[in-house]
Each structure stands twice: as structure tokens, then as C-alpha cells.
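Values in this text are rule-based calculations from the coordinates and carry no lab data. This one's a predicted model, so the numbers in the text were calculated from it and none came from an experiment. Here Cβ is always computed from backbone atoms with ideal geometry, including for glycine, and neighbour counts include all displayed protein chains.
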Amino acid sequence: MTDTADSRTTPADITASVLASFEGCGDERLRELMQALARHLHAFATEVGLTQREWEEAVRVLTATGHITDERRQEFILWSDSLGLSMLVDALANPLPAGATESTVLGPFYVPGSPAREYGESMAAEAAGTPAWVHGRVTGVDGSPVAGAELDVWQNGDDQLYAVQRPEAPEDHLRGRYTTRDDGSYAFLAVRPVPYPIPYDGPVGAMLEATGRHPWRPAHIHMIVRAPGYKSVTTHIFDRESEYLDSDAVFAVKPSLLRDFIPHAADDPDTPAGVQGEWVSVENDIVLAPGED
Ligand code: BEZ
Ligand code: FE
């Protein structure tokens, strides 16, 4: 064949060949996913004029991501979180009826199997900050109380760490499963959460540094609320006074999840049993959408 301008292979020809290679895929959804992935990947490379050196650097970053990942550290999810993909996938998958409590990221520090705890019980196995009385009601969107709902709760302490990040910490420190009473009410004793950085000693941290972003998350308490006949919701209570609410490293802040942590003096007559010194309280009602998981 003569080497004329007309017979040259163009970038668009390459993209078309890749798309065509998936035409025989018998799984319709897989075909759709792979073709769209190839189309958008090629469009990305074309739009930015991706250079050979940049592509090699990207391969190095992906390789480093694989190397740092193990059972305790999931750097691929951290990429998804720090690029807002986790929040986007959640928003696409969980359209909610009006009034239902919004969801947000699960994060890497959830450990299933927290101990079942009583109404009002503390989940701090050791001193971990200002005591926080967290209370509210779980209802359906029609306002009816949800009795027997489970609130699976976990949080960090004032050292910024989750217990799972500290091998020496008591296993059940700052986590617990609470059950709502007949009127849908619940309460537990937590500590006031503090902002903390997502793990930044790997490729995601390098990206944040190189792009002038910070790794911090605003102060929050995690919970998953489950009840038969309702969709589970994975959510946070955010401290309305926290730093970083407008620049969360993982884009997980939703205005409807901000709550007031109200200060109380040590001699407040409502001081919960076992609390000494100043404390805070936060009211957090949860509204569940009907359905199943
Ligand atoms: C967290 O809130 O625990 C978290 C979420 C995403 C990435 C890192 C931490
Ligand atoms: Fe967290």
C-alpha cells in the first residue's frame, strides 16, 4: 500500500478499532461499560494531548497504588474517594424520596461486628475527647417511628485516629451498635469528633500535594442505619463548626447532614451518667426511605 495521507491511521481510527473489538461481547452491560470506558479514555487522552512521558508516569502511579494496597489499606478506593467518584456512584445508585436522610461515603475505617450496646451507653473504652451525647429518633418519611432500627456507629478520637488504625487500642473503642426504642428514639455517648487527614503517605497523598489540595476531612461521626422494610442509609453527622466543611478531601459533605454540637457545663442537671466535666449534645433525627437493600 502506498503511504499517502489518505491511508494513514488516524487517532480516530484507533478509537474506532477498539470500540469495534467489543462488538462481539455477549454480555450487553459489559459491552456498554467497556465501549464507554474506551471512548472516554481515548477522548481524555486526545483532549489533553497526553504525552508518552505522562502516560508512563500514570502507569507508575497505578503500579504504586497496587503495591501499597493490602487488606488494611485500599488505595484504589482512596483514589475513587479523592476524585469524587465514590460520592457520584452513591448519588446515582441511591435516589431518595424527599425528606429521607442523605447518604455519604462509607470510608475505609468501618469494621463490621461492633458490639451491641444499650440505650445511652458510652462507646469510648478510654478517654478520647469531650463527651458527646448523641440522640434523636428514627422515623419513616411519613414521620412514623421505626422501632428496633439498628444504628451501627463509629468515629475517631481526639488523636484523629480510628481504633482500627491503632493496634494497641481496645478493639471496640469508639464503635457500637445501638437499637431504637418503641418510639424510634435512640441515644449514645460518643466524643466530639475532630478533623483528620485521609491517609496521605501514598500515591493519593502525592497527587493531593502536587495539585495543591489538602488531605483533611471535617469532623464527623459515621453511622449505618438499618431496619427491616427500609433502605439502609450510610451517613455522617458533621459538626457544623468544623474546619474543612467547604473543602472535604473526599467531597462527602452534604448541607443536610450538618448538626449543632451544643456545649454544656459540668454542673448541667442533664449531664449523662458517667460524664465528668464539660460535654456537648447533638440531636440527629434519621428518616429512612421505604424499601429493601
Ligand atoms: C472516613 O471518613 O473515614 C474516610 C472516608 C474516605 C476516605 C478516607 C476516610
Ligand atoms: Fe471518617
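Brief remarks follow.
- The residue list Trp216, Tyr186, Ala227 was ranked by how far each Cα lies along the charge dipole of the chain toward its positive end, using unit charges on Cβ atoms, and Ala227 comes out on top.
- Residue separation of Leu41 and Glu54 scaled by 0.36 nm, minus their Cα-Cα distance, works out to 3.3 nm of gained length.
- Loop-located trypsin sites (Lys or Arg not before Pro) across the stretch 59-151 with a Cβ neighbour count of 16 or fewer within 10 Å are Arg72, Arg73, with loop assigned by DSSP.
- Karplus 3J(HN,Hα) series, Hz, for the stretch 96-113 with 6.51 cos²θ - 1.76 cosθ + 1.60 (x for Gly, Pro): 10, x, 3, x, 6, 4, 6, 9, 8, 4, 6, x, x, 9, 6, 10, x, x
- Full-stretch length increase - Thr179, Thr63 - with 0.36 nm per residue and alpha-carbon distance subtracted: 37.4 nm
- Of the residues Gly143, Pro95, Pro195, the one whose Cα sits farthest towards the positive end of the charge dipole of the chain is Pro95 (charges of +1 on Lys and Arg Cβ, -1 on Asp and Glu Cβ, taken about the Cα centre).
- Here the extension length gained between Ala93 and Ser144 equals 15.8 nm, from 0.36 nm per residue of separation less the Cα-Cα distance.
- By the equivalent-ellipsoid construction on the alpha carbon gyration tensor, the stretch 75-288 comes out with semi-axes of 27, 22, 16 Å, ordered largest to smallest.
- Dipole in debye (nearest 20) - the chain, about Cα centre, beta carbon charges: Lys, Arg +1; Asp, Glu -1: 360
- Considering only alpha-carbon pairs that sit under 8 angstrom and 6 or more positions apart, the relative contact order computed for the chain is 20 percent.
- Using θ = phi - 60° in the Karplus curve 6.51 cos²θ - 1.76 cosθ + 1.60, the 3J(HN,Hα) couplings for the stretch 166-171 round to 10, x, 7, 6, x, 4 Hz; x is entered for Gly and Pro.
- Spatial separation of Cα centroids for the stretch 217-293 and the stretch 75-104, in angstrom: 18
- Residues whose amide H comes within less than 5 Å of that of Ala187, counting only those at least five positions distant or on another chain, are Gly120 (H built at 1.01 Å from N in the peptide plane).
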